[in-house]
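**Student:** Below is one structure. I have some questions about it.
Laboratory data are not the source of any read-out in this text; all were calculated from the coordinates shown. Remember, predicted model here, so these are calculated numbers, not experimental data. No Cβ is skipped: glycine too gets one built from the backbone with ideal geometry, and neighbour counts run over all protein chains shown.
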């Protein structure tokens, strides 16, 4: 079995990589804008927005995946006995 912290570490690294790619594209877009390539800059910034949206979705999903499962109500014998018909 894999180390229990491996899954969260991989998920966090993937999310961080996605955010860094978005930042790199934003820097490229700023450079392109200075060079006068406004149409390309606009297209690139739309994709950066997509990356940021996906990063937010990933963040929520990772949080959900790593949160402890809801245990539900306890099923003790005393609870079960109280549901039994009275004799």
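**Student:** Wrap a convex hull around the Cα atoms of the stretch 7-65, take a quarter of its surface area, and give that in square nanometres. Before the final figure, lay out each step's value.
**Tutor:** Values: hull surface 14.5 nm².
That works out to 3.6 nm², a quarter of the Cα hull's surface.
**Student:** Given R₀ = 22 Å, what would the calculated FRET efficiency be for residue 2 paired with residue 65, taking r from the Cβ atoms and rounding to 0.05?
**Tutor:** Values: r = 15 Å, r/R0 = 0.67.
Efficiency, from the Cβ-Cβ distance: 0.90.
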